[in-house]
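Here, each number is a calculation from the coordinates, and none is a lab measurement. It should be emphasised that the depicted structure is a prediction, and the values quoted were computed from it without experimental measurement. When we count neighbours, we look across all protein chains shown, and the Cβ atoms used for this are built from the backbone with ideal geometry, even at glycine.
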Amino acid sequence: MSIREIPMNRVRIQDAFWSPRQTLMTDVTIPYMESILRDEVPGAEKSHAISNFRMASGEETGAFYGMVFQDSDVAKWLEAAAYSLALKWDGVLSQRVDEMVGLIGRCQQKDGYLNTYFTVKEPENKWKNLLECHELYCAGHLLEAAAALHEAAGKDALLHICGRLAGHICDRFEKEEGIPGHQEIEIGLLRLYHATDNPRYRDMALRFLDLRGQDPDWFKTHTPAHPGIHYGGYDISPEDTLYNQSDVPARRQTVARGHAVRQLYMLTAMADAAAETGDQGLLDACQRLFDNITERQMYVTGAVGASAHHEAFTVDYDLPPDRCYGETCASVAMTFFAHQMLKNRADGRYADLMELELHNAALAGMQLDGKRFFYVNPLEVDTRVSGQVPGYEHVLPQRPQWHTCACCPPNLARLISSLGKYLWSEDDKHVYSHLFIGSKVNTHFGEILMESKYPWAGEVRYIVFSENEFTLSIHIPSHVQKFTLTINGKAIDYQLRDGYIYISRAWKKEDTVELDFDLPVRRIYADPRVRSCRGKVAVARGPILYCFEEVDQCAPVFSLILPANADISTFGPVPELPGDLIGLCMEGKTLEYQERLYSSSCAKPSPCRMIAIPYFAWANRKKGDMTVWIQEG
């Protein structure tokens, strides 16, 4: 039997690091996003997403505005709002959610079809271009929102609407072949299956997964010619089968290729389906791709997708820090994928990946005030080049208020607001603790309280409020080399396997497990095949990667050298950043700039003090240069 996720309505986060970020979601970010969707924020990119629904329902006149997948912004906001209501009940938000769902229902056609673009702009072209037009993608996000509202907020109106939508999709694609151009419907159908126990949705998801790659020419023979209006001003070529992973059947894929988010959404669905069905072929493919991505195609921050061209994976070890695409959605999707893999097996590598993404690449996608967002997450910014020079247009030194293609902000909001469901899982004999995030959980065996000072300190405590016999399985992050473990103050025997310690006993009420470990500063080096990082070092402490920002330095960022023997110490607070953040300081060197471009003598070094801050907090102060990798010497 697979490991079961403990849903967020049985988990309450009580954590010094993450609780304020969830409060930011409920009180600032999710309301702000709704204002964006209503075009009420001056100076921000226009969304028009809600107006598109009003036009589709006949309640407003005008022209469709935005991307062909604009509907998905509303769906992801609804999902985040569902989690927000579970975190903090808000009667006004609840009413607005109900009104939004009612509007969506009024857009639905008699046969269950639901998509504003093809209702308002091209009703004659429904289902004619699966490669580019995102109908199944938008449907998938609506199904996810429906499942979230049902599970987290006890609201079923959208579930009924999406039951009709999913039925329409099944009626059509059970009979004829169809391959989603952007994977997502598979996730949505599986979530709807988990919410309703209707096997038709599971089977349709499996059919979509199974059809991909069986005929590599499928999109060539099923995509009509058109003037390139559907996707950001350029066509997706039916010839480019690597782009959407349709060249090879899912079970035979070995290397991550093409559009990163498409790849990871597919893997998320495959891992979920493998846990549900026991399909070893799907699971083996997931493991191969997990290994390839994390060992050869992932940045040290957890970012993936090296190329701005098609937002894509490229080849092994091609990880340029200054041109990194690292879409926020891809880091969110990496978390989704790892979470689903943990349903199949308790392996510390999956929990390590969730921890890495949550504290670094994903979290960096949002300003600390919750109102600005990165789409792209580079590891190096030169303000003379980034966002200015051709080839670097995507690398921005500051977060915008919103984006024309706004998939990332609501994706990050739904991840952070639903964080509780990523922390714990269980089966008939075990309770698994995957992340050191302070929380209270109601398990099958009773209630457990976890108190944590992580990520700033290595102090974690579990208090068991039950008298049952079970195994408490605690993930130990891979960077923790030594730890002490006691129960009620006494050392105990335990098993350590695949990154988890297993404590089996007949528990007594208020038994207390204490876990203590150091968080030394670590130097991280890339494989020499990562050509941009040779001779350089990154620094980390606990799960947090650090970066060097211009505002903190006494010399230009790209002149800095970190001596190999330099001591690195912690300090806080960091000027102009929240008081709980821990910075790093060290004595380094700076190379003096020369008058000539080329010279027969080396630039002279001089001593200077160097400061590093958590990567997730960069670009929250004065605009300037930034780098994660620093020259060592």
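Sequence neighbours fewer than 8 away in the same chain don't count; with that in mind, list the aspartates and glutamates whose C-alpha is under 14 Å from Lys371. Result set, ordered by chain and number: Asp27, Glu34, Glu40, Glu45. The GluC sites (Glu not before Pro) of the range 350-401 that meet both conditions, a loop assignment by DSSP and at most 13 other Cβ atoms within 10 Å of the site Cβ, are Glu393. Going 7 Å from the Cα of Glu176 along its beta-carbon direction, which residues of the range 96-127 have the amide nitrogen within less than 15 Å of the resulting point? Residues 113, 124-127 fall inside that zone.
Here r is the Cβ-Cβ distance between Leu242 and Arg531 and R0 is 25 Å; the resulting FRET efficiency, rounded to 0.05, is 0.65. Within the range 149-195, the GluC sites (Glu not before Pro) that combine a DSSP coil assignment with at most 15 other C-beta atoms in a 10 angstrom radius are Glu174, Glu176, Glu177. For the residue pairs Lys88/Lys623; Lys453/Lys482; Lys126/Lys421; Lys155/Lys440, the C-alpha atoms sit more than 26 angstrom apart in Lys88/Lys623; Lys126/Lys421. Taking a Cβ cut-off of under 9 Å around Val28, the surrounding Lys, Arg, Asp and Glu residues balance to a net charge of -1, with basic ones at +1 and acidic ones at -1.
Pairwise inverse Cα distances across the range 457-597, averaged and inverted, put the Kirkwood hydrodynamic radius at 18.9 Å. Three principal axis extents of the range 14-67 based on alpha-carbon atoms, in descending order, are 48, 24, 18 Å.
Based on Cα contacts under 8 Å between residues 6+ apart, the chain shows a relative contact order of 13 percent. Sequentially through the range 273-280, phi angles give Karplus couplings (6.51, -1.76, 1.60; θ = phi - 60°) of 5, 4, 5, 6, 9, x, 6, 5 Hz, Gly and Pro residues having no value and appearing as x.
Inter-label distance, Ser601 to Ser2: 6.7 nm, where each label sits 7 Å from its Cα along the C-beta direction. Ordering 138-148, 13-23 by mean Cβ neighbour count within 10 Å, with the highest value first, yields 138-148, 13-23.
The Stokes-Einstein estimate for the range 358-413, based on a Kirkwood radius over Cα pairs and taken at 10 °C with 1.306 mPa s viscosity, is a diffusion coefficient of 135 µm²/s. All Cα-Cα distances of the range 239-348, cut into 10 Å bins from zero to the largest, leave 16, 50, 29, 5, 0 percent in each bin in turn. How many angstrom lie between the C-alpha centres of the range 413-474 and the range 571-633? Comparing the Cα centres of the range 413-474 and the range 571-633, I get a distance of 38 Å. Full extension of the chain segment joining Glu592 with Asn9 gains 204.2 nm, where the gain is 0.36 nm per residue of separation less the Cα-Cα distance.
Among the trypsin sites (Lys or Arg not before Pro) within the range 144-205, those in coil by DSSP and having at most 15 neighbouring Cβ atoms inside 10 Å are Lys175.
What the Cβ-Cβ distance of Arg609 and Arg252 gives, at R0 = 56 Å and to the nearest 0.05, is a FRET efficiency of 0.55.
For Glu60, the residues whose amide H sits under 5 Å from its own are Met55, ignoring neighbours fewer than 5 places away on the same chain, with H placed 1.01 Å from N. Figure legend: label point modelled 7 angstrom from the Cα of Thr383 along Cα→Cβ; residues of the range 580-599 with amide N under 20 Å from it are 591, 593.
Of the labelled figures [x] 72, 71, 48; [y] 82, 54, 50; [z] 96, 61, 58, only one reflects Cα extents along the principal axes in Å as derived from the coordinates, namely [x].
Sequence-ordered 3J(HN,Hα) estimates for the range 329-337 from the Karplus curve with 6.51, -1.76 and 1.60 and θ = phi - 60° stand at 4, 5, 5, 4, 5, 4, 5, 4, 4 Hz, glycine and proline given as x.
Subtracting the Cα-Cα distance of Asp428 and Asp498 from their residue separation scaled by 0.36 nm leaves 23.3 nm. Placing pseudo-labels 7 Å out from each Cα toward the beta carbon at Arg106 and Thr23 gives an inter-label distance of 3.8 nm.
Along the range 17-30 the Karplus relation, 6.51 cos²θ - 1.76 cosθ + 1.60 evaluated at θ = phi - 60°, assigns HN-Hα couplings of 7, 8, 4, x, 6, 5, 4, 4, 4, 5, 9, 10, 5, 5 Hz to successive residues, with x for each Gly and Pro. Considering all C-alpha pairs of the range 1-142, those separated by over 18 Å amount to 61%. For the residue pair Lys508 and Gln398, what label-to-label distance in nm results when each label sits 7 Å from Cα along the Cα-to-beta-carbon direction? Once both label points are built, they end up 6.1 nm from each other. Rg over Rh for the range 288-419 works out to 0.97, using Cα positions for both radii and the Kirkwood form for Rh. Report note on the peptides 338-348, 595-605, 614-624: ranked by the mean count of other C-beta atoms within 10 Å, highest first, their order is 338-348, 614-624, 595-605.
Taking 8 Å as the Cα distance limit and 6 or more residues as the minimum spacing, I'd like the relative contact order of the range 356-497 as a percentage. Relative contact order for the range 356-497 comes out at 14 percent.
Express the relative contact order of the range 26-88 as a whole percentage, based on alpha carbon pairs under 8 Å and six or more residues apart in sequence.
Over the range 26-88, the number comes to 35 percent.
Treating r as the C-beta distance of Glu632 and Asp518 and R0 as 30 Å, the FRET efficiency rounds to 0.85.
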